[in-house]
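The values are calculated or read from the model by the stated rules, or taken from the named source; none is laboratory data. The model shown is predicted, which means the values in this text are computed figures rather than measured ones. Cβ placement follows ideal geometry from the backbone for every residue including glycine, while neighbour counts extend to all protein chains displayed.
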Amino acid sequence: MTLSAPPGIPKERGRVLIVDDNAELASALEAVLLTAPRGLTVRTASRGAEALEVAKDAGFDVAIVDVKLPDASGVDLIEPLRAASPFGEVVLITGFASVDAAIGALRSGAFAFVLKSFRPEELISTVEQALSKVRLQRERRVLEKRAADAEALSAMGKLALNLAHEIRNPLNAAVLQLHLLARDIDRLEANPETRAALKRRGTIVGDEIGRLSRLLTEFLELARPRGLAREPVHLGRLVEDVIELEQDAATSRGVTVKKEIAPDGCVALGDAAKLKQVVLNLVVNALEAMKAGGELTARVAPVDEQVVLVVEDTGPGIAPEVLESVFDPFFTTKEAGTGLGLSIVRNIVDQHMGDVRIESVAGRGTRVIVRVPIGR
Ligand SMILES: Nc1ncnc2c1ncn2[C@@H]1O[C@H](COP(=O)(O)OP(=O)(O)OP(=O)(O)O)[C@@H](O)[C@H]1O
Ligand SMILES: [Mg+2]
């Protein structure tokens, strides 16, 4: 079995934007870049205004910009281009060599300065270097955001611990009173319909209290992680358990469930109950995403020193601007969602020293990839 990308969800490629009014040169550049080992997607623009439009619509990682464009100077384009696509880097290209021009370009924020008489491998190497810088910066931003999230959660956690006690007690009292009320209603001298109607209201209140209490438990779990067991856990078996649990929900939505579990190496080191929660949250999200049926695939296989769990659906996918927020506590796009599912997943995976990421293509589907250390 493989964990490679199925058709429809491409691996992330570097996006290059070529801005040059000389069509011949632009297509020569494009041809060179398409031979790059890492795999690039290339777009071209012949004027500054057009380049800015592409940058705003599709974004870019590296823009290769001619210094002399019909409607602008490449140097003046650096700033607006970088504003349109954060973290993008600009490589200037020019027909004439002048040390002053090169220094000026670098001062104005260009990543590099390349002559039109470039050798192909030189250009590819410059673009690769720029891409590495872009990737590093993105990763840094992700890490900074996660540190900030963790900080916020732990501050919330202290507050929540105190609050939880205060909320739990009246909730328990309310549940008790509801039971007594139900008994009193049975004893009422009233006609059966009146009694049934009264009891229905009681049940609704009881259900709502149950929801509050579940929310409280989930939030506490997130804010105050309890100790983590470290035992061998067969992830494949967890997947089977969860799928069995959710099979009816899947069938009623017209979702086919597939599982691919490697015969060996699916034993992770960690906390069975918590890892089961991870699988459950991901499977529930996948099912909830496929309102009009589809296919859910769960895979487990060892890769190097880790066990990899993949949960994949053929739902509507997640728009890039939404994808940035899905791990945020309380972020939800669902009417009845609490938005804690994925924050709990990330929390648990972090506690296991693992990692979780999401790949999604709008209209095609979503794939969540979790890696945790392998057990021996
Ligand atoms: N498989 C998926 N397909 C499409 N969107 C998804 C998928 N998984 C998560 N999302 C998006 O991420 C958001 C956050 O997910 P998360 O599990 O954290 O919360 P929730 O499902 O909305 O609520 P809860 O899990 O607390 O009931 C969802 O509201 C949804 O917009
Ligand atoms: Mg969820």
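Among the residues making up the stretch 360-372, those that are modelled with pLDDT of 95 or more, out of contact with any helix residue (DSSP H, G or I) (no Cβ under 7 Å at 6 or more places or on another chain) and at negative phi are 367, 369, 371.
Any idea which of 366, 297 is more than 13 Å from the chain's Cα centre (by Cα) and buried (at least 17 other Cβ atoms within 10 Å of the Cβ)?
Working: 366 fails: more than 13 Å from the chain's Cα centre (by Cα).
After ruling out the rest, the residue left standing is 297.
When 324, 359 are screened for being farther than 28 Å from residue 269 by Cβ, acidic (Asp, Glu) and away from ligand 2 (no atom under 14 Å from the Cβ), only 324 passes. Scanning the stretch 332-352 for residues that are more than 16 Å from residue 286 (Cβ to Cβ), of a type outside the set (Val, Ile, Thr) and within 10 Å of ligand 2 (Cβ to nearest atom) turns up 339, 340, 343. Looking across the stretch 275-294 at every residue that is more than 12 Å from ligand 1 (Cβ to nearest atom) and under 20 Å from the mean Cα position of the chain (by Cα), the one that is nearest to residue 228 (Cα to Cα) is identified as 275. Residues considered: 155, 190, 196. Of these, the only one that is more than 28 Å from residue 345 (Cα to Cα) and part of a helix (DSSP H, G or I) is 196.
Among the residues of the stretch 180-192, is any within 26 Å of the chain's Cα centre (by Cα) and not acidic (Asp, Glu)?
Applying the first criterion (within 26 Å of the chain's Cα centre (by Cα)) to the stretch 180-192 yields none.
Checking the stretch 180-192: not a single residue is within 26 Å of the chain's Cα centre (by Cα) and not acidic (Asp, Glu).
Is it true that some residue in the stretch 79-93 is under 26 Å from residue 320 (Cα atoms), assigned to a loop (DSSP other than H, G, I, E, B) and modelled with pLDDT of 90 or more? The answer is yes, given that some residue of the stretch 79-93 is under 26 Å from residue 320 (Cα atoms), assigned to a loop (DSSP other than H, G, I, E, B) and modelled with pLDDT of 90 or more.
Yes/no matrix, rows are residues, columns are (1) under 26 Å from residue 301 (Cα atoms); (2) away from ligand 1 (no atom under 16 Å from the Cβ); (3) outside the structural domain of residue 149 (by TED's automatic domain parsing); (4) not acidic (Asp, Glu):
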| site | (1), (2), (3), (4) |
| --- | --- |
| 185 | no, yes, no, yes |
| 203 | no, yes, no, yes |
| 240 | yes, yes, yes, no |
| 244 | yes, yes, yes, no |
| 272 | yes, yes, yes, yes |
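Among the numbered conditions (1) in a loop (DSSP other than H, G, I, E, B); (2) surrounded by 19 or more Cβ atoms within 10 Å (Cβ to Cβ), the only one that residue 278 does not meet is (1). The residues of the stretch 238-292 include none that are touching a strand residue (DSSP E or B) at 6+ places or on another chain (Cβ under 7 Å), at pLDDT below 95 and of a type in the set (Lys, Arg). Surrounded by 15 or more Cβ atoms within 10 Å (Cβ to Cβ), at pLDDT 85 or above, in a helix (DSSP H, G or I) and in contact with an Asp or Glu (Cβ under 8 Å, 6 or more places away or on another chain): does that describe residue 26? Criteria met by residue 26.
Exposed (fewer than 12 other Cβ atoms within 10 Å of the Cβ) and assigned to a helix (DSSP H, G or I): does that describe residue 183? Here the answer is yes, as residue 183 does meet what is asked.
Note on the stretch 94-114: among residues that are modelled with pLDDT under 85 and of a type in the set (A, V, I, L, M, F, W, C), the one that is surrounded by the most Cβ atoms within 10 Å (Cβ to Cβ) is 105. No other residue among 52, 33, 69, 40 is out of contact with any Ser or Thr (no Cβ under 9 Å at 6 or more places or on another chain) and under 18 Å from residue 110 (Cα atoms) apart from 52. One residue stands out in the stretch 339-357 among those that are crowded, with 17+ Cβ neighbours inside 10 Å and either more than 13 Å from the chain's Cα centre (by Cα) or outside any helix (DSSP H, G or I) (or both): the one that is nearest to ligand 1 (Cβ to nearest atom), namely 340.
Could you tell me whether the stretch 288-295 includes any residue that is within 12 Å of ligand 2 (Cβ to nearest atom), assigned by TED's automatic domain parsing to the domain that holds residue 265, under 27 Å from residue 234 (Cα atoms) and aliphatic (A, V, I, L, M)? Yes - at least one qualifying residue is present in the stretch 288-295. For the stretch 206-226, a residue qualifies if it is loosely packed, with under 14 Cβ neighbours inside 10 Å, under 26 Å from the mean Cα position of the chain (by Cα) and not aliphatic (A, V, I, L, M), and the qualifying residues are 214, 217, 226.
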